[in-house]
Amino acid sequence: MLEYETDVAVSGAAMRDVVLGRPELARFERSYVFVALDTPIPDRLGVARPLMEAAGEVVVFDHHPDGVGYGEHCLCDSTFAATGHIIWRFLSD
């Protein structure tokens, strides 16, 4: 169970309902932050795209050269071999 500052608890079942395309069953209206990893374009988010669209802020970590730079915060660099390396550098700095 994930706890949010708003005291809204989100259960695995609620997340499953959102992922299965039934957002009306979720126990929350929107998240504060959505983090996309290794996903150069929003279409590759698949069933998670509605969660991204409903989020207050979107953070993207990606290394693909075909990335479109979506989100309010894009930490994208195609000179890295892996997105994990970008995250490691971000957390190390």
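Testing ASP7 on (1) at positive phi; (2) loosely packed, with under 15 Cβ neighbours inside 10 Å; (3) at pLDDT 60 or above, one condition comes back false. Which one is that?
(3)
List the number of the failed condition for ASP66; all other conditions in (1) modelled with pLDDT under 95; (2) touching a helix residue (DSSP H, G or I) at 6+ places or on another chain (Cβ under 7 Å) hold.
Among (1) modelled with pLDDT under 95; (2) touching a helix residue (DSSP H, G or I) at 6+ places or on another chain (Cβ under 7 Å), the lone unmet condition for ASP66 is (2).
SER31 passes all but one of (1) in a helix (DSSP H, G or I); (2) surrounded by 11 or more Cβ atoms within 10 Å (Cβ to Cβ); (3) at pLDDT below 85; which number fails?
In the conditions (1) in a helix (DSSP H, G or I); (2) surrounded by 11 or more Cβ atoms within 10 Å (Cβ to Cβ); (3) at pLDDT below 85, SER31 misses (1) alone.
Name the residues in the range 34-52 that are in contact with a helix residue (DSSP H, G or I) (Cβ under 8 Å, 6 or more places away or on another chain) and either without any contact (Cβ under 8 Å) to a residue 24 or more places away in the chain or within 20 Å of HIS85 (Cα to Cα) (or both), would you?
Correct list: PHE34, ALA36, LEU37, ASP38, THR39, ASP43, LEU45, ARG49, MET52.
In the range 46-87, how many residues are out of contact with any Pro (no Cβ under 7 Å at 6 or more places or on another chain), open to solvent by 70 Å² or more (accessible area, probe 1.4 Å), under 24 Å from TYR32 (Cβ atoms) and not in a loop (DSSP other than H, G, I, E, B)?
4
The values are calculated or read from the model by the stated rules, or taken from the named source; none is laboratory data. Being a predicted model, the structure only gives us computed values, none of them experimental. Backbone-built Cβ (ideal geometry, glycine too); neighbour counts: all protein chains shown. Heads up: the accessible areas ignore ligands, DNA and RNA and are worked out on the full protein's heavy atoms, side chains in. Shrake-Rupley method; radii C 1.70, N 1.55, O 1.52, S 1.80 Å.
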